[in-house]
1. Given the criteria of a type in the set (D, E, K, R) and in a loop (DSSP other than H, G, I, E, B), does Asp82 qualify?
2. Within the set of pairs 6 or more residues apart or between chains, which connect a residue that is under 11 Å from Gly60 (Cβ atoms) inside the stretch 93-108 to a residue that is surrounded by fewer than 19 Cβ atoms within 10 Å (Cβ to Cβ) and among the small types (Gly, Ala, Ser) with Cβ atoms less than 9 Å apart?
3. Evaluate the following for Tyr96: is it touching a helix residue (DSSP H, G or I) at 6+ places or on another chain (Cβ under 9 Å), of a type in the set (Ser, Thr, Tyr) and assigned to a helix (DSSP H, G or I)?
4. So, of the residues in the stretch 107-130 that are among the aliphatic types (A, V, I, L, M) and under 12 Å from Val81 (Cα atoms), which turns out to be surrounded by the fewest Cβ atoms within 10 Å (Cβ to Cβ)?
5. Just a yes or no: is a residue in the stretch 79-100 modelled with pLDDT of 95 or more, within 13 Å of Val130 (Cα to Cα) and buried (at least 21 other Cβ atoms within 10 Å of the Cβ)?
6. Could you check the stretch 69-124 and list, in sequence order, the residues that are basic (Lys, Arg) and within 17 Å of the chain's Cα centre (by Cα)?
Amino acid sequence: MSNPSSPSASHVLDAGTLAPDFTLQATPDQKISLSELRGAPVVIAFYPADWSPVCGDELGLFNAALPALHRFGAQLVAISVDSAWSHAAYSAQRKYHFPLLADFEPKGDVARRYGVYRASDGVCERALFVLDKDGVIRWAYVSPITVNPGVDGILDALEHLESPTKQDTP
């Protein structure tokens, strides 16, 4: 579900859509492709910028929630338009245990393909996508840029991947 007040919410990829593949810098000398992660659920967290207060809180919460994500077999990647060098310094300082991917050049290309690039600001929306093991988007959410969306929606979506009949239960 996307947030209608978001500038690009009408273009956000919907559940049921095959997630566009990408290859991005994970470190200055290492790349990760989404296709390499197939076979397990993947959580993609787009965030506006390294070193910003809300992003630090959000990514810190995701870092703390990694054991819960791993119980579902899920892998987490976070994407912003910052460089691999910025990500390396930020990740080392914050002790993140998941990759920060650089959608740096061409700037915001992957965020644009997912419908979560804020051209007016030159950053990504604060957006979450949960993909099934086949790379199909099963849940998407765009949060107001100043609000940490937390992990509850991610965990609910991962739970539904494991037992789809729970979606129909109140």
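The values are calculated or read from the model by the stated rules, or taken from the named source; none is laboratory data. The shown structure was predicted, so the numbers you read here are calculated from the model rather than taken from an experiment. Methodologically, a virtual Cβ is constructed for each residue, glycine included, from the backbone with ideal geometry; neighbour enumeration extends over all protein chains shown.
1. yes
2. Every condition considered, the pairs that remain are Arg94/Gly56; Arg94/Gly60; Tyr96/Gly60.
3. No; evaluated as a whole, the condition is false for this residue.
4. Per the stated criteria, the residue is Ala119.
5. So far as the stretch 79-100 goes, no, none of its residues is modelled with pLDDT of 95 or more, within 13 Å of Val130 (Cα to Cα) and buried (at least 21 other Cβ atoms within 10 Å of the Cβ).
6. Scanning the stretch 69-124 gives Lys107, Arg112, Arg113, Arg118.
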